[in-house]
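To start, the structure itself, in structure tokens.
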Amino acid sequence: MKQKMQYHRLSLVEREEISRLLAKGLSFRAIAKQIKRNPGTIAREVNQIRLGRILYRATVGQWRALRKRLRQRRKRKLDKFSKLKRYVLSKLILYWSPEQIANHVKIDYPEDTAMRISPETIYAYVYVQPKGELKKHLIKALRREHKHRYKKNHHFNREVPNIIDLVSIDKRPKEVGDRRIPGHWEGDLIIGKLKHSALGSLVERTSRAVILTHLKQFDHTSVAKAFAQEIQKVPRHMRLSMTYDRGGEMSSHRWFTKHTKVKVYFAHSKSPWERGTNENTNGLIRQFFPKGTDFSKFTRREVKRVQRLLNQRPRKVLHWKTPEEVFNELVLR
């Protein structure tokens with residue numbers, strides 16, 4: 001029985017020999033025979049470089065191999081420290097980003113220096129996983145970025161020219177702008193597939209705490225009642241005002257204010273930056289409910305689960321505390 005040969009990485013000398021023999025026009029099989037290597041090893045080495053036979057250089061091949069080895073060492077950290085690995089995986093399935101995980105672990109384990117990891121190492125660990133269910137689940141947990149720019153004329157125009165007794169954002173107290181006083185909210189409606197369903201979102205400006213409203217209907221009466229039902233669960237001193245765009249679903253703002261004591265201010269037309277906190281939060285919500293989602297297929301429990309995930313995820317703007325933690329601190333202040 002033949003003894004299986006132990007594999008050794010290609011050396012710089014071997015790579016120089018490969019480069020020389022390629023220049024002579026030898027095939028991969030002929031080169032492998034001369035340097036006593038497997039033809040597949042030669043093919044993989046050369047084809048790593050675009051236009052392999054033409055551009056292959058020994059120094060480039062050596063540099064690529066060293067870089068690959070360094071990447072492998074970096075991703076092994078999670079395999080070496082099982083406690084850290086369990087922490088990272090437990091947060092990834094909660095849809096925390098690698099940056100959030102890397103910073104919040106310092107808060108959870110301030111004295112344990114072994115519980116330290118960089119966002120890059122987490123990304124590397126996810127993407128070097130072999131194909132399979134684990135890799136699918138981990139990649140799905142990462143936040144997605146838009147790869148295409150959407151045309152603005154595809155957006156659903158919800159604005160109503162004349163909302164009765166509209167109060168402009170210009171009349172909103174200055175204290176709302178600097179976020180020092182909590183209890184000021186921003187609201188919006190996220191429209192679903194074919195404009196047949198919608199999800200309501202409210203976000204508190206100081207803590208970034210979000211409330212998601214499961215809507216069966218999204219006419220102005222239904223939206224006002226649904227928002228009122230949710231906001232009334234918040235302590236009285238934490239519901240002072242709400243800033244909304246000029247969407248027609250908030251036409252019943254007077255009814256909303258009467259039943260909640262929350263004053264509603266309307267942003268200027270086509271000025272989403274005036275509700276920047278809400279716009280940013282909607283982007284986070286889209287991780288769970290991408291564009292084209294049919295919200296009618298989701299239950300209230302499923303919507304509230306996403307709300308919990310968002311509120312229990314650390315935020316850079318909050319110095320890596322979670323919106324839930326900051327909101328609770330403000331309630332007791």
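The values are calculated or read from the model by the stated rules, or taken from the named source; none is laboratory data. Bear in mind the structure is a predicted one, so any value in this text is a computation, not a measurement. Every residue, glycine as well, gets a Cβ built from its backbone with ideal geometry; the counts of neighbours run over all protein chains shown.
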Query raised in the report: Which one of these is touching an Asp or Glu at 6+ places or on another chain (Cβ under 9 Å) and either part of a loop (DSSP other than H, G, I, E, B) or closer than 22 Å to residue 268 by Cα (or both): 189, 194?
Result: 189
Query raised in the report: Given the residues 261, 233, which is the only one that is on the phi > 0 side of the Ramachandran plot, modelled with pLDDT of 90 or more and not hydrophobic (A, V, I, L, M, F, W, C)?
Result: 261
Query - Scope segment 305-328; condition part of a helix (DSSP H, G or I) and either among the hydrophobic types (A, V, I, L, M, F, W, C) or touching a residue at least 60 places away in the same chain (Cβ under 8 Å) (or both); matching residues - result: 306, 307, 309, 310, 311, 316, 317, 318, 323, 324, 326, 327
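Has segment 253-261 got any residue that is out of contact with any Leu (no Cβ under 7 Å at 6 or more places or on another chain), in contact (Cβ under 8 Å) with a residue 60 or more places away in the chain and part of a loop (DSSP other than H, G, I, E, B)?
No; the residues of segment 253-261 include none that is out of contact with any Leu (no Cβ under 7 Å at 6 or more places or on another chain), in contact (Cβ under 8 Å) with a residue 60 or more places away in the chain and part of a loop (DSSP other than H, G, I, E, B).
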Requested in this report: Just need a number here: residues in segment 290-301 that are surrounded by fewer than 13 Cβ atoms within 10 Å (Cβ to Cβ) and part of a helix (DSSP H, G or I).
Outcome: 3
Report task. All but one of (1) surrounded by fewer than 20 Cβ atoms within 10 Å (Cβ to Cβ); (2) touching a residue at least 60 places away in the same chain (Cβ under 8 Å) hold for residue 273, so report the exception by its number. Result -> (2)
Query - Pair list, Cβ under 6 Å, 6 or more apart: segment 106-125 residue farther than 16 Å from residue 83 by Cβ and surrounded by fewer than 16 Cβ atoms within 10 Å (Cβ to Cβ), other residue at pLDDT 90 or above and among the aliphatic types (A, V, I, L, M) - result: 118/102; 119/102
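Listed here are the residues, each with its yes/no results for (1) under 30 Å from residue 113 (Cβ atoms); (2) at pLDDT below 90; (3) not basic (Lys, Arg).
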| position | (1), (2), (3) |
| --- | --- |
| 15 | no, yes, no |
| 24 | no, yes, no |
| 33 | no, no, no |
| 37 | no, no, no |
| 49 | no, yes, yes |
| 59 | no, yes, yes |
| 62 | no, yes, yes |
| 68 | yes, yes, no |
| 77 | yes, yes, no |
